[in-house]
C-alpha cells in the first residue's frame, strides 16, 4: 500500500507559553554570555515548549508565517531584544517536529509583537500556593502559525 502526501488542515495553530522566568534579552548574548549558559537556557525553553505546545500538531501547509506575540505584565522588553527568545522557541518547535524546518522555504514571514498589559490587583490566597488569578498576571508568549500565500519573486 502506497501512502499519499501528508494532509494538513488549512487552519491557524496557536500555543501559549508562560515566560515570566524566561525573559532574556538579546543584549545578554551581545554581552558575551558563555555558551554553556546559552545551552542551559535553550534546554529550559525546550522543556517549556514540550510541556505547553500540546497537542503536538505539525504546522502546515507550508509555507507559513509565525507570529510571536509577547504579553508583558512586568517590565517590557524591546521588540528586537526578543529575537533571542524567538530563535530559541523556533528551534524547540523544530526539535518537537511541530515545525518541519525554519528555512525560507517553510517560514516566509516572522512577526514579533509586544503588548504591555496592566496587572490586575488580586488578593493573596490564604494558602501558600498563590491564587489562580495570579496566572493571569504572568508574562506569556503566544505562538501562532498559519499558512501564508506569500509569493517568492526572483530578482
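Computed from the coordinates by the stated procedures, all read-outs in this text should not be read as laboratory data. Quick caveat: nothing in here was measured; it's all calculated off a predicted structure. Glycine gets a Cβ as well: all are built from the backbone with ideal geometry, and neighbour counts include every protein chain shown.
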Given a Förster radius of 22 Å and the C-beta distance between residue 54 and residue 118 as r, what FRET efficiency does 1/(1 + (r/R0)^6) yield to the nearest 0.05? 0.15
Would you kindly state how much longer the chain becomes between residue 149 and residue 40 on full extension, computed as 0.36 nm times their sequence separation minus their alpha carbon distance, in nm to one decimal? 35.6 nm
Per 0.36 nm of contour for each residue apart, how much would the distance between residue 25 and residue 91 grow if the chain were fully extended, relative to their Cα-Cα spacing? 22.1 nm
